[in-house]
Amino acid sequence: MKTKLRNDVKRKLESLDFDTYKKNCERINKRLFKQSFWQQSMTIAITISNGKEVDTSLIIQEALKQNKRVAIPKCYPGQKKMEFRTFQSIDQLETVYFGLKEPVVSKTDPVSPDEIDLLIVPGICYDKNGYRIGYGGGYYDRYLTQYSGLTVSLAFEAQLVSCIPAEAHDVPVHQILTENEVIITSE
């Protein structure tokens, strides 16, 4: 069921035309920047977007412009773990598996979970209870067991589904911001 949902939503995302994609990214970014949790957060953990995910490049630029500390995930597939590391400029990144951009360990510093004010959690699809289907590695679900701060996902309406079959290890996000609404899943 998760594989079918993942594939269905990926197809919907791929069919988004460029203008609609850009316009919806801008609307989501503006919605994020208006939130009090954004304004109050000093350290923001966020991925470097890839493909038709909500574009995070402008979010990262805005965070740096506002003197917020930005933390980018670094995955260790052998240990199936992930950590966040500081990010200030593009030359601190390297391309890893699947074309993903991650921080270069020698050019960045680790950021512990208790230093992160806002964790922006990626995914492919979401339900209104905050459950998500990611890319299948389980990195975020494992990380979220040690993180107690605010979790938010940025998604297009096309990524919302009626129900995600949640498992015991799945951790829902607190809020989902789309181009049309803010979905509060828990306090």
### Message
Set the bar at 29 Å for Cα to Cα. Now go through LYS4/LYS65; LYS4/LYS80; LYS52/LYS80 and name every pair that lies beyond it.
### Response
LYS4/LYS65
### Query
In the structure displayed, which of LYS2/LYS68; LYS2/LYS107; LYS30/LYS101 lie more than 31 Å apart, Cα to Cα?
LYS2/LYS68; LYS2/LYS107
### Message
Given Cβ point charges of +1 (Lys, Arg) and -1 (Asp, Glu) and nothing else, what value in debye, to the nearest 20, does the dipole of the chain about its Cα centre take?
### Response
220
### Query
Based on DSSP, what percent of beta bridges with both residues in region 74-187 are antiparallel, to the nearest 5?
65
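I need the GluC sites (Glu not before Pro) found in region 80-167, filtered to DSSP loop residues with at most 13 other beta carbons within 10 Å of theirs.
Working: sites: GLU83, GLU94, GLU115, GLU157, GLU167; in loops: GLU167.
Here the sparse-neighbourhood loop sites are GLU167.
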### Query
Over the chain, what is the mean sequence separation of C-alpha contacts under 8 Å (at least six apart), divided by residue count, expressed as relative contact order in percent?
22
### Query
Computed over the Cα atoms, what is the radius of gyration of region 40-83 divided by 2.2 N^0.38 Å, N being its residue count?
1.32
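Could you list the chymotrypsin sites (Phe, Trp or Tyr not before Pro) in region 99-135 that lie in coil according to DSSP, counting only those with at most 11 other Cβ atoms within 10 Å of their Cβ? Intermediate results must be reported in sequence, preceding the final value.
Values: sites: TYR126, TYR131, TYR135; in loops: TYR131, TYR135.
Filter output for region 99-135: empty list.
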### Query
Using a Förster distance of 30 Å, how high is the FRET efficiency between SER57 and ALA168, based on the Cβ-Cβ distance and rounded to 0.05?
0.30
### Task
Please provide three numbers in whole Å: the alpha-carbon extents of the chain along the principal axes, with the largest listed first.
41, 35, 34
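No lab work stands behind these numbers, since they all come straight from the coordinates. Just so it is clear, the structure is predicted and the values come from calculations on it, not from any experiment. Please note: Cβ atoms are built from the backbone with ideal geometry, for glycine as well, and neighbour counts cover all protein chains shown.
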